[in-house]
Amino acid sequence: MSPAKPTKAVPTLAGFAAARPLHWNSWVAGVVCLVVGVIIPVLNVGPSPRSAFHISDFFVTLVGKLTCYGIVAVAMDLVWGYAGVLSLCHAVFFALGGYAMGMYLMRAIGTEGNYRSLLPDFMVFLDWKELPWYWEGFNRFGFAMAMALIVPGVVAFIFGFFAFRSRIGGVYFSIVTQALTYAAMLLFFRNATGFGGNNGLTDFKRILGYPLREPSTRAALCAITGLALGLTYALCRYIIGSRAGRVMTAMRDAEAKVRFSGYDPVAYKLFAWTVSAMLCGLAGALYVPQVGIINPSEMQPSSSVEIAIWVAVGGRGTLAGAILGAFLVNGAKSWLTVAFPTAWLYFLGVLFVVVTLVVPGGIVESFSGLLKGGGFLTKYFGGLGVKRAAAGPETAAAAPVSTGGPGVGEEQEQP
Amino acid sequence: MSAQLQVDKVTVSFDGFRALNDLTLHLEAGELRCIVGPNGAGKTTLMDIITGKTRPDVGTVTFEGKDITRFAEHEIVALGIGRKFQRPTVFPGHTVFENLELTSHGPKGVFKMLFARLTADQRQAIEKTLELIGLTDHATRLAGLLSHGQKQWLEIGMLLIQQPKLLLVDEPVAGMTQQEIERTEEILSGLAGAHTVVVVEHDMDFVRSIAQKVTVLHEGSVLAEGQMSDVQNDPKVVEVYLGA
């Protein structure tokens, strides 16, 4: 943090200005955390169900779920919006964290399952006699939580190490991650893999002794998720505000130049990538006790694409925008899939196209444009030509360079 | 005394085209060398070889007695070889100050940088560099908003602040005004001695005014080497390049 660092964002470069903290960004994140972490749980548990201030159990669970998505979105924004690496396998990391938590919850059922066995129901059903070795230790909460972070971290590290070292970047990297997603999903669909096949893990009873059906347990989980979102935001904000963060954004804009400045892009990408994966694991671990199930459909390739959409809609490279995007898109999804079940995907498609064309910087950019008094329409028509080239999510992986002058793209990767 | 940089018998082919053909080039510490040659002579490829962007098919590159032929780009930078690209490459989303901060001399590892603060020395170096390249007043502007000339300046500054022992400068005056060219001459001439400077340039007037020693490349090999006045009168050189 240098004193010479400018404190005001430059509106004409919304996409890039996003790299430096907007004042209200942390406010937005803070308010979201306060609402999710404190206000909603308190209003759920405190006032009597008849009171006008009471918040329903359904709503608490919904918000808890959305907040988990918010964590994923922030993690995605770190690696995509700042480090310029578009991942289409974040749902896998999310699901891995979820499975780790699910394994603990399965073990915590004890003998209360349908078959009254110490083994999880699906193993009894498959006629397994004993626990597979990799289920050992998951009866302990601390171990399971550690695994929820470590497993996605290790998978991401190994995968990322080879991909980044081979200089697989841009669209190619995204395609490879998508393939990883598909492979992981197929693996988890198999009964023999030992995670419950396509039914996944479900029918959980309690967490750390607290019954999951109790509204108070759910309110507590919601509060913890809110706190986790706050910590995730703070961590990512710290990273991008550090000198390492500036190297990451520089790498996004001109990777070759970063290399010739003496940095090893592999290390920086790997760092952002691994941290991001671990945060997804955390989100997955918080998600599973709240929704009560984890199965391989969480790993669908489309789930990973949706994560990218949340971030694009909210605003890449803003963190708070990613949170808002996750809430907005998923909130709309919860509502629309009930109200118009068949139209949901059309809505998502239209939303994505409109955002890409009209506000390539995401809703955050259009807000900040309004706040700064720049007429929204002027901004739209004035900036469209320049920004469209840079900010389409498809091209975004290759780093936005439109205002970077000629030459930025010139010295990019050699074949 | 063995040379600071030795490029020995290097050959590079791209799909059968020999960009460099058995090229040998030695540089003494502190010298200011100009490399000239027609398009396609292999000037930029030579830079790529020295900085590790391209690997030679045959031959070695030695810097201060160390074989760097297979080193990665950032490792070569760490040894003290800096490069300025042909077209200005700055970090458009960062301010001028941050651009210099990013290229500052110091540790470059991700965990160190996560907690690194600018030291007083580094800050001083940045301020000194800002002054040298005349961008002090623009320190808080985004580099993407600078003019072409200013970007060139900034990039030279970004190179200088790395405190390289060897500076590779690719066409530093392309697109510059006469005034800017003169300032660039001053800077580069001032650097020689303390640093070894290699300049690749098309602009012969510029070369004439700064060069102590000139190497002429042609079709991937050294055609002639020596003082500007000698080289200029070399019939081979006149034929392929200067006479044209």
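What the table below lists for this structure:
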read-out: Largest-first ellipsoid semi-axes for the protein assembly as shown, taking √(5λ) over the Cα gyration tensor eigenvalues, angstrom; value: 55, 28, 20
read-out: Amide proton proximity set for B:Ser221, modelled H, under 5 Å, gap of 5+; value: B:Asn21
read-out: Solution diffusion estimate, µm²/s, Stokes-Einstein, the range B:1-85, Kirkwood Rh from C-alpha pairs, 37 °C, viscosity 0.692 mPa s; value: 249
read-out: Interchain or long-range residues, amide H under 5 Å from B:Thr95's placed H; value: B:Ala143
read-out: Efficiency of FRET between A:Phe189 and B:Arg55 - r from beta-carbon atoms, R0 60 angstrom, step 0.05; value: 0.85
read-out: Gaussian network model of chain B, springs between alpha carbon atoms under 10 Å - residue of B:Thr62, B:Thr95, B:Thr177 with greatest fluctuation; value: B:Thr177
read-out: Top of B:Ala143, B:Ala116, B:Ala29 by mean-square fluctuation, Gaussian network on chain B, Cα under 10 Å; value: B:Ala116
read-out: Positive dipole terminus of the range A:26-386, leading residue within A:Leu86, A:Phe195, A:Ala219 (C-beta point charges); value: A:Leu86
read-out: Fewest-first ranking of A:Val176, A:Val42, B:Val77, using other Cβ atoms within 10 Å as the exposure measure; value: A:Val42, A:Val176, B:Val77
read-out: Spacing of the two label points (7 Å from each Cα toward its C-beta) at A:Phe157 and A:Val35, in nm; value: 3.7
read-out: For chain B, built as a Gaussian network whose Cα springs stay under 10 Å, the top-fluctuating residue of B:Leu114, B:Leu159, B:Leu20; value: B:Leu114
read-out: Residues B:Ser229, A:Ser334, sorted so that the one with the fewest Cβ neighbours within 10 Å comes first; value: B:Ser229, A:Ser334
read-out: Per-residue ³J(HN,Hα) for the range A:194-211, Karplus 6.51 cos²θ - 1.76 cosθ + 1.60, θ = phi - 60°, Hz, x for Gly and Pro; value: x, 10, x, x, 6, 6, x, 10, 7, 6, 5, 10, 8, 10, 6, x, 8, x
read-out: Between the range A:52-87 and the range B:100-171, the alpha-carbon center distance in angstrom; value: 38
read-out: Cα→Cβ-extended label distance, 7 Å offset, between A:Trp335 and B:Asp15, nm; value: 5.5
read-out: Förster radius 45 Å - calculated FRET efficiency between B:Glu127 and A:Ser297 (Cβ-Cβ, nearest 0.05); value: 0.20
read-out: Estimated vicinal HN-Hα couplings, Hz - the range A:250-264 in sequence order (Karplus 6.51, -1.76, 1.60; Gly, Pro = x); value: 4, 5, 4, 7, 7, 5, 4, 5, 4, 4, 7, 9, x, 9, 9
read-out: The range A:130-151 versus the range A:164-211: alpha-carbon centroid distance in Å; value: 16
read-out: Packing-based exposure ordering (other Cβ within 10 Å, fewest first) of A:Met248, B:Met204; value: B:Met204, A:Met248
read-out: B:Glu75 paired with A:Ile175, simple spin-label distance in nm, labels 7 Å along Cα-to-beta-carbon; value: 3.0
read-out: Across A:Lys257/B:Lys236; B:Lys128/B:Lys151; B:Lys84/B:Lys108, pairs whose alpha-carbon gap is larger than 28 Å; value: A:Lys257/B:Lys236
read-out: Rounded to the nearest 20 debye, dipole of the protein assembly as shown from Cβ charges on Lys, Arg, Asp, Glu; value: 2400
read-out: Debye-sum result for chain B in log10 I(q)/I(0), which assumes one identical scatterer on each alpha carbon, at q = 0.07 Å⁻¹; value: -0.24
read-out: The protein assembly as shown: antiparallel DSSP beta bridges as a percent of all, rounded to 5; value: 55
read-out: Cα extents of the range A:26-386 along the three principal axes, largest first (Å); value: 66, 56, 39
read-out: Mean projection area, nm², convex hull over Cα of the range A:183-301; value: 9.8
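Every number in this text was worked out from the coordinates using simple rules, so none of it is lab data. This one's a predicted model, so the numbers in the text were calculated from it and none came from an experiment. FYI the Cβ positions are ideal-geometry reconstructions off the backbone, even for glycines, and counts take in every protein chain you see.
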